[in-house]
Amino acid sequence: MTASHVLGQVQSLAHVEAFTPGDYAEQLAAELAPVTTREDIAARDDQLRQAFLLIEDTAIRMMRIRLEHALADDAIAAPTRKVFAQTVADYAGRTDVLATRARDVAARNGARNPEDVADRVVRAAEATLAVRAELYESVLALAARVAAADVPMADAKARDKREAEPPRRLWSAVRRELEAIAARPVRMLEATFAIRLAGWESLLELD
């Protein structure tokens with residue numbers, strides 16, 4: 001089973017409720033190939049960044065499934081449920097805003113108890129966001145771990161006087177980027193590896 005399949009198999013409420021977030025990072029770790037070149041490191045960075053996109057897709061799908069069951073009485077119509085699912089990540093830390101919107105929609109739709117409808121929507125969002133957060137944390141921890149493990153290799157290449165100066169300068173930037181990822185892995189989400197690498201000052205490592 002691949003890491004993407006771990007997430008892709010979440011297609012029903014039973015799957016949602018049985019899902020174990022840690023399985024994703026564990027499988028993803030098994031799929032990361034050893035790195036020996038700058039190109040390898042860039043490819044791994046892309047692979048990890050893609051993993052976060054899959055997490056977002058899964059969170060949307062989980063929220064949609066939860067809402068389909070929580071709102072089986074059609075208190076909120078399917079198009080609005082779809083919008084709530086697609087934007088669930090926007091409500092992290094602000095489910096009160098979601099509650100207000102769900103309550104207003106339910107009231108306009110003539111629900112007998114708009115407050116209860118809003119509570120059901122918020123519970124679905126909180127459960128979904130908790131899984132999303134755990135998935136993020138596990139992949140960020142993996143990214144930090146593999147980056148830290150490759151710092152010595154990058155440092156050695158940056159200091160290898162048998163190599164020409166330009167590649168040594170590039171490896172110096174790679175080493176600093178790996179150290180930065182190890183310290184704050186969320187930086188991977190801010191830009192591509194190439195852009196982040198270009199942001200480092202060109203330095204020649206000397207003993």
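None of the figures in this text is laboratory data; all of them are computed from the coordinates on show. Remember, it's a predicted structure, so these values are computed and weren't measured experimentally. As a convention, Cβ positions derive from the backbone with ideal geometry for all residues, glycine included, and neighbour counts pool all protein chains shown.
Numbers below:
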item	result
Förster radius 30 Å - calculated FRET efficiency between R123 and R184, Cβ distance, rounded to 0.05	0.40
Computed lengthening from A30 to L53, 0.36 nm per intervening residue step minus Cα-Cα distance	6.4 nm
With 5 Å bins from 0: P(r) over segment 1-74, alpha-carbon pairs, percent	3, 15, 22, 20, 14, 10, 7, 5, 2, 1, 1, 0
Coarse-grained scattering of segment 75-179 at q = 0.20 Å⁻¹, given as base-10 log I(q)/I(0) from a Debye sum over alpha-carbon atoms	-0.94
Convex hull volume per residue in cubic angstrom - Cα atoms of the chain	115
At q = 0.16 Å⁻¹, base-10 log of I(q)/I(0) for segment 53-124 (Debye sum, equal scatterers on each alpha carbon)	-0.48
Hull-based mean projected area of segment 120-207, where the convex hull spans the alpha carbons, in square nanometres	6.5
Only Lys, Arg (+1) and Asp, Glu (-1) charged, at Cβ; the chain dipole about Cα centre in debye	340
Centroid-to-centroid separation of segment 25-49 and segment 97-139 [C-alpha atoms, Å]	35
Peptide ranges 5-13, 60-68, 156-164 listed from the most packed, as the mean C-beta count within 10 angstrom indicates	60-68, 5-13, 156-164
Charge dipole of segment 116-207 about the Cα centre (unit charges at C-beta), most positive-ward option of L197, A148, I181	L197
